[in-house]
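Every number here is computed from the coordinates shown, using simple stated rules; none is lab data. A quick note: this is a predicted structure, and the numbers were derived from the prediction, not measured. As a convention, Cβ positions derive from the backbone with ideal geometry for all residues, glycine included, and neighbour counts pool all protein chains shown.
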Amino acid sequence: MSLYLLLRRTIVGAALTLSFATTATRAAENPTPLILSVHDAPVVFIGSDGNTHLVYELWMLNFSSGDIAVQRLDILADDKVIQTLDATAIATRLQPVGLRDSTGTLTKSTQALLFLHITLPGGAAVPHHLTHRITTFIAAAPPAFQHLILTGGETAPDRQTVAVIHPPLAGDNYVSADSCCDSTRHMRAVLGVNNHAWLAQRYAVDWEQLDSHDRIYSGPREKLESYTIFGKPVLAVADATVVSVIDNLPEQTPGKYPEGISLDQADGNSVILRLDDPRLGGHVFALYAHMQPCSIRVHSGDKVHSDEVLGLVGNTGNSLAPHLHFQLMAEPLSLASNGLPYAIDSFEVTAQIPSTQAFDEAEANGTPIPHHTMPTTRHVEKSLPLDQFIISFPDLRKDPEKNLEKSLDKNLDKNRKC
């Protein structure tokens, strides 16, 4: 053995031995080959189930030369365990950065996010702080130190004011597809943009709509008019100022994702509003995406009133089928921003779809969406619609037909090419 290797082994062994020793004059120095952190504190909000929800990501950095298996996670709220994930659950929630596949093991020198969701029963106290205790197997450590329990990722729930808004649509049989809190398409869509990792779609929803026979579409799948939601009015959720508008992008053919869509066209024809509620401090923005070409009736700088028609549901940008993508965020950018929860002031829940897979299969086949009808319609107030529910929204417009006609004429530039 070379002198260099002998010295290195001696130094590493001594460091590990010293790290677990305590003295009256020197604090312990514990090895942390897995470094834990929370970048975005969870914002406290109420879901349509009446419970309080905390949604966030625990970042994990494998600071070692070997694999690290994550075997168990205990989430501690004010120093008491409130949730435990075993290795199987972790393997469905741990996602290496830049990938969409989950794993239970971090390979050497890699970073990953563990997507977490805490549900607190309605009326339960919100903890003051959260921390995380991880049970691991460190492949690169000496045998005596391979089984290591680490604690870190301290954070405090964010009690910021949650925007209370009106529905972005009016009518019945809307599906809250890929909504909070354990769906994967939106809630795990972490992107590196402008030299930062963002999750703008953390609380996004794709609103789709069923017909009277519980189908997303009736007729040829590739025909836009076959879809129940196509052409439905898109409504302002609050008094707001129009920040930006994208229009004139073409419709996509339903049934397949388009190719060659650039990042700036991913939202298709879209509108971003800044909500004018003074309690929000001017830092809450609403995005409406995938609208019909030339249906948008507002311009940047316009003031809009709650329930005013902004445009019509379409299938533009990076879209598989006509729908309305809606989200709230902390910046006037659809990707380089953190997503924010919100509460819709009033709606009714009529049924629940068993899973995203069941929804996807029925949509692909053009068959009725399986669902469990509620024994009685559940009226919900000031809550965020959770994933895979069938929901009815009241029409809050004073005169829907007149309002629609007026809105479609407002600010229409007759010279626009569509």
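Below is a table of values for the structure above.
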{"item": "Rel. contact order, % - alpha carbon contacts under 8 angstrom, at least six apart, the stretch 163-409", "result": "27 percent"}
{"item": "Gain in span if fully extended, ARG26 to ASN194, counting 0.36 nm per residue against the direct Cα distance", "result": "56.3 nm"}
{"item": "Size of charge dipole - the stretch 31-155 - debye, nearest 20, with Cβ of Lys, Arg +1 and Asp, Glu -1, no other charges", "result": "240 debye"}
{"item": "The chain: calculated mean residue ellipticity at 222 nm from DSSP helix runs of at least 4, using -39500 (n - 2.57)", "result": "-3000 deg cm²/dmol"}
{"item": "Integer Hz, Karplus 6.51/-1.76/1.60 couplings in order for the stretch 282-288, x for Gly and Pro", "result": "x, 10, 10, 10, 10, 10, 10"}
{"item": "Peptides 268-275, 295-302 ordered by average Cβ neighbours within 10 Å, highest first", "result": "268-275, 295-302"}
{"item": "Angle between the chain longest axis and helix 356-365 axis [Cα atoms, degrees, rounded to 10]", "result": "40 degrees"}
{"item": "Calculated from backbone phi, Karplus (6.51, -1.76, 1.60) coupling profile of the stretch 118-130 in Hz, x at Gly/Pro", "result": "10, 10, 10, x, x, x, 6, 5, 7, x, 7, 8, 10"}
{"item": "By average C-beta atoms within 10 angstrom, highest first, the peptides 182-192, 118-128", "result": "182-192, 118-128"}
{"item": "Options THR84, GLY47, GLY66, ranked by Cα towards positive dipole end of the stretch 25-125, top entry (Cβ charges)", "result": "GLY66"}
{"item": "Candidate values (i) 182; (ii) 138; (iii) 278, label of the one derived for volume of the Cα convex hull per residue in Å³", "result": "(i)"}
{"item": "Average Cα contact separation per residue, the chain, under 8 Å, 6 or more apart, as relative contact order %", "result": "16 percent"}
{"item": "Cα long-axis angle, helix 400-409 against the chain (0 to 90 degrees, to the nearest 10)", "result": "80 degrees"}
{"item": "Helix 3-19 axis, angle to the chain major axis (alpha carbon atoms, nearest 10°)", "result": "70 degrees"}
{"item": "Ranked by how many other beta carbons lie within 10 Å on average, peptides 147-159, 62-74, 370-382, 227-239 from highest", "result": "227-239, 62-74, 147-159, 370-382"}
{"item": "Square roots of five times the Cα gyration tensor eigenvalues for the stretch 31-155, Å", "result": "27, 15, 12"}
{"item": "For the chain, size of Cβ-based charge dipole, Lys and Arg +1, Asp and Glu -1, in debye", "result": "1100 debye"}
{"item": "Cα gyration tensor shape for the stretch 163-409, rounded if a/c is under 1.5, else prolate or oblate", "result": "rounded"}
{"item": "Which of ASP79, ASP86, ASP49, ASP307 has the fewest Cβ neighbours within 10 Å, and the rest in rising order", "result": "ASP79, ASP86, ASP49, ASP307"}
{"item": "Dipole magnitude of the stretch 106-221, debye to nearest 20 (Cβ charges: Lys/Arg +1, Asp/Glu -1, about Cα centre)", "result": "460 debye"}
{"item": "Pairs of lysines in the chain (C-alpha under 18 Å apart; 8 or more residues apart or interchain)", "result": "12"}
